[in-house]
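Here the structure is laid out as C-alpha cells; the discussion comes afterwards.
Any read-out appearing in this document is the output of simple, stated calculations on the displayed coordinates, not a laboratory observation. Quick caveat, the model's predicted, so the values are computed rather than measured. Glycine gets a Cβ as well: all are built from the backbone with ideal geometry, and neighbour counts include every protein chain shown.
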Amino acid sequence: MSVYIVAQITIHDREEYGRYESGFLDVFQQFSGELLAVSEAPTVVEGQWPCTRTVLIRFPSADEAQRWYASPQYQAIAQHRFRASTGNIVMVDEFRPD
C-alpha cells in the first residue's frame, strides 16, 4: 500500500537549504519515490499555515519510505536541511475504504 510523506518546512537559511535541494532528486529517485507537490504558497483553506515550504511525496510502501529516509545517501544531504530549516514531517497511509 502506498504511503505519503507530508512535510511542512520553515526555511531560515536559503543558501544552506539550496545545498539540500541540489542533491535531493538524485537520492530520492533511487528509492521509487514520486514527488507530487512542492509549494511555497499553498492555498490555506482553514487554520494557519506558517511554513515557507510544503512538500508531498509518495512511496509504494512504508518500508521503501523508511529505507529512503534512513539511507546514508539521504542522511548525508539531510544535514543541510537540518541546519537550514525546521519542520514537521509525517508519513500517512493511503486511504482504502473497506
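Would you kindly derive the ³J(HN,Hα) couplings of region 36-43 from the backbone phi angles with the Karplus curve 6.51 cos²θ - 1.76 cosθ + 1.60 (θ = phi - 60°), listing them in order in whole Hz, with x for Gly and Pro?
After applying 6.51 cos²θ - 1.76 cosθ + 1.60, I find 8, 7, 9, 9, 9, 8, x, 7 Hz.
Only loop residues by DSSP count here, and only those with at most 13 other Cβ atoms within 10 Å; note down the GluC sites (Glu not before Pro) in region 26-56 that meet that. Mind showing how you got there, number by number?
Details: sites: Glu34, Glu40, Glu46; in loops: Glu40, Glu46.
Passing both the DSSP loop test and the Cβ count: Glu40, Glu46.
Counting helices only, and only those DSSP H runs with n ≥ 4, report the 222 nm mean residue ellipticity of the chain as the sum of -39,500 (n - 2.57) divided by its residues, in deg cm²/dmol to the nearest 500. Mind showing how you got there, number by number?
Numbers: 3 runs with 37 residues, N = 98.
Using -39500 (n - 2.57) per qualifying helix, the result is -12000 deg cm²/dmol.
Averaging sequence separations of C-alpha pairs under 8 Å and six or more residues apart, then dividing by the length of the chain, give the relative contact order as a whole percent.
The normalised contact order for the chain reaches 53 percent.
Cα centroid distance between region 76-98 and region 34-57, in Å?
Cα centroid to Cα centroid, the span is 12 Å.
I need the phi-derived Karplus couplings for region 85-98: 6.51 cos²θ - 1.76 cosθ + 1.60, θ = phi - 60°, integer Hz, Gly and Pro marked x.
Working through the residues one at a time gives 7, 10, x, 10, 9, 10, 10, 10, 7, 5, 7, 9, x, 5 Hz.
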